[in-house]
Structures are given as structure tokens and as C-alpha cells.
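J.: One structure follows; several queries about it will come next.
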Amino acid sequence: MASMRSIKRRRESVQSTQQITKAMKLVSTVKLQRAKQRAEQSKSYFHNMYSTVKAILARAGSIRHPYLEKGKSTKKAIIMITSNRGLAGGYNSNVIKLVTRSGELKKEDCVIYAVGKKGKDALKKAGYEVAKDYSDAIEEPIYVDAMNIVKDVLADFEADKVGEIFLAYTGFKNTVSHEPTLLQLLPVDLESSGIDMDDDGQPDDKLLMNFEMNETDAISMLIPKYMTSIVFGAMIEAVASENGARMQAMDSATSNAEDMISALSLQYNRARQSSITQELTEIIAGADAIG
């Protein structure tokens with residue numbers, strides 16, 4: 001049995017850890033309330049933007065534009081959103097696994113545009129090519145950050161450095177439910193637009209989209225705005241998911257610490273009782289010997 005001193009030291013150590021996890025839970029709870037409100041307010045807009053643009057392009061007919069065709073390069077750009085800090089349960093590891101275990105994303109074909117140090121460090125260690133690091137942007141996401149990210153990725157797409165663009169992030173459903181998500185941004189996946197297409201790739205209902213300006217100019221203006229909106233929405237949802245995951249992780253850690261403290265207190269009391277019993281036995285034995 002461990003000594004009373006070692007048990008007491010371990011219990012005090014666990015109590016100190018519990019105070020830290022309690023504080024971190026409170027901080028995450030406060031941050032979550034603000035991030036949750038922001039995510040819920042913007043969620044409908046960004047998700048409808050994604051489906052609306054796909055529906056527009058599905059009805060646009062046979063438009064020839066670089067943004068609507070797969071690039072010459074076999075490289076796939078992945079805008080991956082994680083956090084800069086750990087202690088958030090499986091939040092970061094789930095997004096990393098989404099990329100590393102995806103059947104369509106091979107390591108040698110991937111180019112990572114990292115938003116968050118945890119994802120960048122993990123994939124760089126695993127041998128992935130990290131083209132750009134935008135980790136500072138995830139601290140307090142603003143629209144300009146998303147614009148800069150999309151500008152860099154589209155520039156590489158236009159220069160044929162990458163042929164496809166994907167987005168990996170954690171979607172926010174509610175406080176306890178967060179879903180790792182992989183979206184294909186370019187070329188736009190028209191098959192999942194919800195519009196029935198014929199064998200020639202045209203909408204069955206024949207209601208084509210008409211553009212008031214030149215259709216090429218319209219697509220050149222629409223796609224960057226569409227991508228920026230989706231990336232910005234993903235960053236907002238990712239922040240809410242991160243704080244929700246951290247709050248749950250710290251709550252579990254606090255509960256586990258409480259269980260450990262109870263077990264160590266019981267162990268300490270048993271050791272103390274055993275020590276007292278041993279001392280009494282020695283005193284009685286000494287008294288009998290004298291008598």
C-alpha cells in the first residue's frame with residue numbers, strides 16, 4: 001500500500017488539476033455562448049449559399065469557364081480548419097482523420113491550406129505538403145480573412161498548381177453534436193445540386209439560367225464570393241464546435257478528477273486507519289511485555 005504522504009500529495013495534485021479544468025470549462029462555456037449565437041445566425045445563409053450556387057450552375061447550361069472545370073493539375077487543395085489549442089476532446093483529431101483516411105484524398109496529391117496550428121502540425125508531421133498557414137485567422141474569424149484564403153487558393157487553381165479545391169471543417173449542429181465535414185468547392189459538384197439532369201448533363205425541366213451580364217464575367221464574380229462565404233461560414237461553425245468540444249472535455253475531466261479525489265480520499269483514510277491500528281497494536285504489545 002502507498003504511504004499516506006504519497007497519497008496525500010497525489011490527491012492535492014488532482015485537486016489542483018480539477019481547479020484548472022473547472023476554470024477552463026467556465027471560459028469555454030462563455031466563449032461557446034457567443035460563438036453559438038453567431039453560428040446559428042449565419043448557418044442558414046451559408047448553407048443556402050452552397051445549395052443555391054449549385055442550383056444556378058446546374059441550370060446555367062454548357063458554360064465554359066475555368067472555375068467550372070477540373071484543372072490540369074492532379075493536386076487537390078484542402079482548406080483544413082482546426083484549432084490552435086488542444087484539450088478539446090476529439091475535435092482536432094476527427095478533422096485530421098477526415099483528411100488522412102479519405103479514400104479520394106491521397107497524401108501525394110494533397111496540398112494543405114491550414115487554418116489552425118493543430119491540423120497544420122499533424123499533417124506536416126504525417127508528410128503532407130502544407131502550402132500556406134492561416135492559423136491566426138481562426139482566433140477571431142472575420143470576412144476579410146476568408147477573402148484572403150480564397151484569393152490565394154484560387155490563384156493557385158488558376159495557375160494550375162491545384163486542380164480541385166476541398167474544404168474540411170467541423171460543422172456545428174448543437175452544443176454536444178459536431179460533425180466533421182468535407183466539401184468539394186471547385187469544380188462545383190452539380191450532381192448533388194438536387195436538380196434532375198439528363199444524359200447530356202442538362203436539367204430535365206429545361207429551365208435554364210439567363211445572365212444579364214456576360215456569363216463568363218458573371219461566373220468570375222460569383223465563384224469567389226460563393227467560396228468566401230462558404231469558408232467564412234465554416235470558420236464560424238468551427239469556432240463554435242471547438243468551444244463546445246472543449247467544454248465537454250473539461251466537464252468530463254472535472255468529473256473524472258472528482259472520482260479520483262474520492263478514491264484517493266478513501267485510500268488515504270484506509271492507510272491512516274491502518275497506521276493507527278498498527279500503532280495501537282505496538283503500544284499494547286509493549287505494555288504486555290512490560291507487565
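J.: If you go through region 98-130, how many residues are surrounded by fewer than 18 Cβ atoms within 10 Å (Cβ to Cβ) and outside any helix (DSSP H, G or I)?
T.: So the answer is 9.
J.: Do we have any residue at all in region 60-75 that's part of a helix (DSSP H, G or I) and farther than 18 Å from Leu183 by Cα?
T.: Restricting attention to region 60-75, the residues satisfying the condition of being part of a helix (DSSP H, G or I) are 66-68.
Of the ones still in play, those that are also farther than 18 Å from Leu183 by Cα are 66.
Scanning region 60-75, I find at least one residue that is part of a helix (DSSP H, G or I) and farther than 18 Å from Leu183 by Cα, so the answer is yes.
J.: Please go through region 76-97 and give me each residue that is assigned to a strand (DSSP E or B) and basic (Lys, Arg), ordered by number. Write out each step before concluding.
T.: Start the filter on region 76-97 by keeping residues that are assigned to a strand (DSSP E or B), which leaves 76-81.
Matches in region 76-97: Lys76 only.
J.: Also: So which residues in region 122-155 are closer than 22 Å to Ile236 by Cα, aromatic (Phe, Trp, Tyr) and touching a strand residue (DSSP E or B) at 6+ places or on another chain (Cβ under 6 Å)?
T.: Result: Tyr134, single match.
J.: Turning to a different aspect of this structure: Where residues in region 88-121 are touching a residue at least 40 places away in the same chain (Cβ under 8 Å) and among the hydroxyl-bearing types (Ser, Thr, Tyr), which of them is farthest from Val239 (Cα to Cα)?
T.: Checked region 88-121; the qualifying residue farthest from Val239 (Cα to Cα) is Ser102.
J.: Given the options Ala257, Ala287, Ala249, Ala263, name the one that is assigned to a helix (DSSP H, G or I) and over 56 Å from the mean Cα position of the chain (by Cα).
T.: On the way: Ala257 fails: over 56 Å from the mean Cα position of the chain (by Cα); Ala249 fails: over 56 Å from the mean Cα position of the chain (by Cα); Ala263 fails: over 56 Å from the mean Cα position of the chain (by Cα).
Testing whether each residue is assigned to a helix (DSSP H, G or I) and over 56 Å from the mean Cα position of the chain (by Cα) leaves just Ala287.
The rows are residues; the columns are (1) surrounded by fewer than 17 Cβ atoms within 10 Å (Cβ to Cβ); (2) within 25 Å of Ala39 (Cβ to Cβ); (3) at pLDDT 90 or above.
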| position | (1), (2), (3) |
| --- | --- |
| Asp152 | yes, yes, yes |
| Lys161 | yes, no, yes |
| Leu167 | no, yes, yes |
| Thr170 | no, yes, yes |
| Thr175 | no, yes, no |
| Val188 | no, yes, no |
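The values are calculated or read from the model by the stated rules, or taken from the named source; none is laboratory data. What you are looking at is a predicted structure, and each value in this text was computed from that prediction instead of being measured. Note that we place each Cβ from the backbone using ideal geometry, even for glycine, and neighbour counts take in every protein chain shown.
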